[in-house]
Structure formats: structure tokens, C-alpha cells
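Trainee: This structure is in C-alpha cells; I'll ask about it shortly.
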Amino acid sequence: MADVSQLSTGLRRGTLEFCVLALVEHEDRYGTEIVRCFGDERLAASEGTIYPLLSRLRRVGWLDSKWSESPTGPPRRYYSLTAEGRSALQHFRAEWVDFRRTVDRLVGTDHA
């Protein structure tokens with residue numbers, strides 16, 4: 001049986017990449033900023049998780065990136081959503097609604 005303390009980790013694992021896509025949907029962001037956004041939303045994800053994920057999303061063509069000078073330090077790599085990434089995010093959103101409704105119904109949280 002799975003350890004209950006690992007529940008949030010398991011839930012995050014399948015959705016983290018789509019949360020990253022949503023974070024860059026309307027605004028280009030750099031890696032540390034993305035990590036900070038997760039912390040602000042109480043979905044803590046470390047740089048050790050986010051940077052490999054950003055690289056993988058670039059490799060599959062869902063993100064693009066460009067280097068830009070920073071006013072306060074070294075240049076930053078900014079990530080943006082590609083057309084393929086936008087399509088993947090739209091598909092996830094549609095699937096997520098159905099998935100969430102089904103889980104809510106099965107675990108008894110559909111009335112909340």
C-alpha cells in the first residue's frame with residue numbers, strides 16, 4: 001500500500017508539466033520565477049525538479065526559450081509556450097475537467 005504521506009507527490013507528478021505550461025501561457029518566465037510561482041501556490045517544486053522538466057518540455061517541442069539580459073545579474077533563459085504546447089495544455093484542461101469530476105464523484109467530494 002502506498003504511503004499516505006506521499007499522496008501530494010503522486011498527485012503533483014502527473015500534473016506538474018501542465019502547470020508549467022499554464023504558467024508560461026500568457027507571459028514568458030525564467031526558471032527561478034517558475035519555481036517561485038509553485039512555492040507561492042503551495043505546490044513546492046525544487047529547481048532540481050523544474051529545470052529538468054523545462055528541458056524535457058523544450059525537447060518535446062512544448063516550450064521554446066530565449067536568453068535575455070537581466071537588470072540584476074547574469075542573463076536569464078525565458079521560456080514561452082509553443083503552438084504544440086498550447087494544444088497540449090488545451091487538451092489537458094479538457095481531460096482534467098472530466099477526470100476531476102469522476103474522482104470527485106467516486107470519493108464523495110462532488111458536493112463540496
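What follows is calculated from the coordinates using simple rules that are stated; it is not laboratory data. The structure displayed is predicted, hence computed values, not measured ones. Note that we place each Cβ from the backbone using ideal geometry, even for glycine, and neighbour counts take in every protein chain shown.
Trainee: Can you find a residue that is under 16 Å from E25 (Cα atoms) and acidic (D, E) anywhere in the stretch 49-72?
Mentor: Within the stretch 49-72 (the criterion being under 16 Å from E25 (Cα atoms) and acidic (D, E)), the answer is yes, since at least one residue qualifies.
Trainee: Which residues, counting only those in the stretch 12-65, are outside any strand (DSSP E or B), among the basic types (K, R) and either under 11 Å from S80 (Cα atoms) or touching a helix residue (DSSP H, G or I) at 6+ places or on another chain (Cβ under 6 Å) (or both)?
Mentor: Passing the criteria: only R58.
Trainee: Same structure, new question: Of all residues being aliphatic (A, V, I, L, M) and surrounded by 13 or more Cβ atoms within 10 Å (Cβ to Cβ) in the stretch 65-88, which is farthest from V35 (Cα to Cα)? Just the residue, please.
Mentor: A88
Trainee: Quick one: is L106 touching a residue at least 12 places away in the same chain (Cβ under 8 Å) and either surrounded by fewer than 10 Cβ atoms within 10 Å (Cβ to Cβ) or assigned to a helix (DSSP H, G or I) (or both)?
Mentor: Answer is no for this residue.
Trainee: Could you please give the count of residues in the stretch 38-62 that are without any contact (Cβ under 8 Å) to a residue 24 or more places away in the chain and in contact with a strand residue (DSSP E or B) (Cβ under 8 Å, 6 or more places away or on another chain)?
Mentor: Within the stretch 38-62, residues that are without any contact (Cβ under 8 Å) to a residue 24 or more places away in the chain and in contact with a strand residue (DSSP E or B) (Cβ under 8 Å, 6 or more places away or on another chain) number 1.
Trainee: Does the stretch 42-87 hold any residues that are of a type in the set (G, A, S) and in contact with an Asp or Glu (Cβ under 9 Å, 6 or more places away or on another chain), and which are they?
Mentor: Listed by number, the residues that qualify are G61, S65, S68, S80, G85.
Trainee: So in the stretch 29-60, with the set limited to residues that are closer than 17 Å to A88 by Cα and not β-branched (V, I, T), which one is surrounded by the fewest Cβ atoms within 10 Å (Cβ to Cβ)?
Mentor: Taking the candidates together, the pick is R59.
Trainee: Which of the residues that make up the stretch 49-87 are of a type in the set (D, E) and under 13 Å from the mean Cα position of the chain (by Cα)?
Mentor: none
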